[in-house]
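Engineer: Before I ask anything, let me first share the structure, which is written out below as structure tokens.
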Amino acid sequence: MWASYRFFADIPFVAPSASKEAAEIDLLWWFLCAVSLVMTVLIFIGVIFFAFKYRRKPGVAPVAVHGSNVLEITWSIIPFIVMLVMFWWGAQLFYDAQNPPKDAEEIFVVGKQWMWKLQHSDGNREMNALHVPVGRAVKLTMASEDVIHSFSIPALRVRHDVVPGHYDALWFRATKPGHYRIFCTEYCGDRHSQMIGFVDVLDQPDYNTWAGGGSTGTLAEQGQQLFTQNGCSTCHLLNEQGRCPIMKNVYNHPVELSDGHTVIADDAYLRESILEPNAKIVKGFDANVMPNFKGQLSEENVIQLIAYIKSLSTTATPTGVQPGAAPAPAIKKPKAVIKAVIKEAAAVTPPQQ
């Protein structure tokens, strides 16, 4: 019996909490559980009480029971307020999750059947492992080379689908050193269960020791080598106009296209232009000049090239816009969203009878 107790006591029914966001998400989760439990108990008590009180009695004629406005208003307003609290709370957490700090350290993640490949900005690479410093914001920019994956770190309460064709992002700030699991939580093939890894959250001195282990140059330097090796530098000149657009200071700036549209040269646009250069032709340049690199460059190579192009610019901006799309509008704060919804509802004219 004692052995059975020890067995169940060792089962981690709740994942460890190792980030600031984890504590906030857990608090909302427990609040939802508490509300659900209270409502379930009240409903069952009411069902049992009224079933007993108003049961059919022999020889007693039933009496019509009319509604109560006070009761109906009460059980409508109180649940509405509770649900509004849930919405406001959840919207605030969603807003925070979608807006990483500007000083977040960016790490690139590539999902591939059946592994996670990670690249740090300083050039360090990892396979099914991630080393991060405690207390520092980390932004993961993710891409997939084949099918839909889902990058999940339960202890940090972060998860995001990784969809082929564009970049996805999530961020976290680990608060507790430790060794935590990485999972793929989207079925991606017959070895989906083996697509796992670990996050090592290290104190700053330990992280500096790990990061100083040596690399083959920064991500931008690796991209510069690819830029030269693939002949990009023969047409994309840095200081004068060549056969193709100049890459200097192009990142995060508007680009006018031959069809009259204007797009922002963000990560998604650069990725599409590298892999499918004829998808969007820059105004003043001819099509079919740049070769198609789709199938020739891996997602890792594309990330390196984008890092190099970023290094040629004086500005930086978050990634994650879908290829070909205009830059996504900033996510409004929950307070602004709720005000907008109320304003729209008030502006609706009721249909005339």
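No value in this document is a laboratory result; all are computed from the given coordinates. Source: prediction; values computed, not measured. Cβ sites come from the backbone with ideal geometry, for glycine too, and all protein chains shown count toward neighbours.
Engineer: Of all DSSP beta bridges located in the range 1-139, what percent are antiparallel, nearest 5? All intermediate terms of the calculation are to be shown ahead of the outcome.
Structural biologist: Details: 9 of 11 bridges.
The answer is about 80 percent antiparallel.
Engineer: Taking 31 Å as the cut-off for C-alpha to C-alpha distance, list the pairs among Lys20/Lys280; Lys20/Lys248; Lys139/Lys280; Lys117/Lys283; Lys20/Lys117; Lys112/Lys280 that go past it. If you can, show how the numbers build up before the last one.
Structural biologist: On the way: Lys20/Lys280 41 Å; Lys20/Lys248 38 Å; Lys139/Lys280 28 Å; Lys117/Lys283 36 Å; Lys20/Lys117 26 Å; Lys112/Lys280 27 Å.
Among Lys20/Lys280; Lys20/Lys248; Lys139/Lys280; Lys117/Lys283; Lys20/Lys117; Lys112/Lys280, the Cα-Cα distance tops 31 Å for Lys20/Lys280; Lys20/Lys248; Lys117/Lys283.
Engineer: Once you put a point 7 Å from the Cα of Asn249 and another 7 Å from the Cα of Lys294, both along the Cβ direction, what distance in nm separates them?
Structural biologist: Placing both labels 7 Å along Cα→Cβ, they lie 3.3 nm apart.
Engineer: Here's another thing I want to ask about it. Please compute the net charge surrounding Asp206, taking Lys and Arg as +1 and Asp and Glu as -1 over other residues with Cβ under 15 Å from its Cβ. Don't jump to the answer; show the numbers that get you there.
Structural biologist: On the way: positive: Arg136, Lys176; negative: Asp200, Asp203.
Within the 15 Å Cβ shell, the charges total 0.
Engineer: Right, next: Compute the distance in nm between two label points, each set 7 Å from the Cα along the Cα-to-Cβ direction, one at Val14 and one at Ile45.
Structural biologist: Each label point lies 7 Å from its Cα, and together they span 2.5 nm.
Engineer: In addition: With each label point set 7 Å from Cα along the Cα-Cβ vector, what nm distance links Cys235 and Phe285?
Structural biologist: 0.8
Engineer: Right, something else. So what are the radius of gyration and Dmax for the Cα set of the range 213-259, in Å?
Structural biologist: Cα only, the range 213-259: 13.5, 49 Å (Rg, Dmax).
Engineer: Let me ask something else about it. At a Förster radius of 41 Å, what calculated FRET efficiency corresponds to the Cβ-Cβ distance of Met127 and Asn99, to the nearest 0.05? Intermediate values should be presented prior to the final figure.
Structural biologist: On the way: r = 30 Å, r/R0 = 0.72.
E between Met127 and Asn99, to the nearest 0.05, is 0.85.
Engineer: Among rounded, prolate and oblate, which fits the range 41-124 when a ≥ b ≥ c are the square roots of the eigenvalues of its C-alpha gyration tensor, a/c under 1.5 means rounded, and a/b larger than b/c means prolate? Provide the component values of the computation, followed by the final result.
Structural biologist: Details: a/c = 7.61, a/b = 3.07, b/c = 2.48.
Because a/c hits 1.5 or more and a/b exceeds b/c, the range 41-124 counts as prolate.
Engineer: Still on this structure: For the range 219-311, what does the convex hull of the Cα positions come to per residue, in cubic angstrom? Please list the in-between numbers first.
Structural biologist: Numbers: hull volume 8.2 nm³, N = 93.
Cα convex hull per residue, to the nearest whole number: 88 Å³.
Engineer: Name the aspartates and glutamates eligible as straight-distance cross-link partners of Lys294: C-alpha to C-alpha under 12 Å, and not fewer than 8 places from it in the same chain.
Structural biologist: Correct list for Lys294: Glu145, Glu272, Glu276.
Engineer: Something else now. Tell me the net charge near Glu24. Cut-off is 12 Å between Cβ atoms, Glu24 excluded, with +1 for each Lys or Arg and -1 for each Asp or Glu.
Structural biologist: Numbers: positive: Lys20, Arg157, Arg173; negative: Glu21, Asp26, Asp96.
Result for the local shell: 0.
Engineer: Moving to a separate point now. Sorted by average packing, counted as other Cβ atoms within 10 angstrom per residue and highest first, what order do 132-142, 238-248 take?
Structural biologist: Numbers: 132-142: 20.0, 238-248: 12.9.
Packing proxy ranking, top to bottom: 132-142, 238-248.
Engineer: Now for a different question. Could you list log10 I(q)/I(0) for the range 167-231 at q = 0.12, 0.14, 0.23 Å⁻¹, which the Debye formula gives when each Cα is one point scatterer?
Structural biologist: -0.59, -0.78, -1.03
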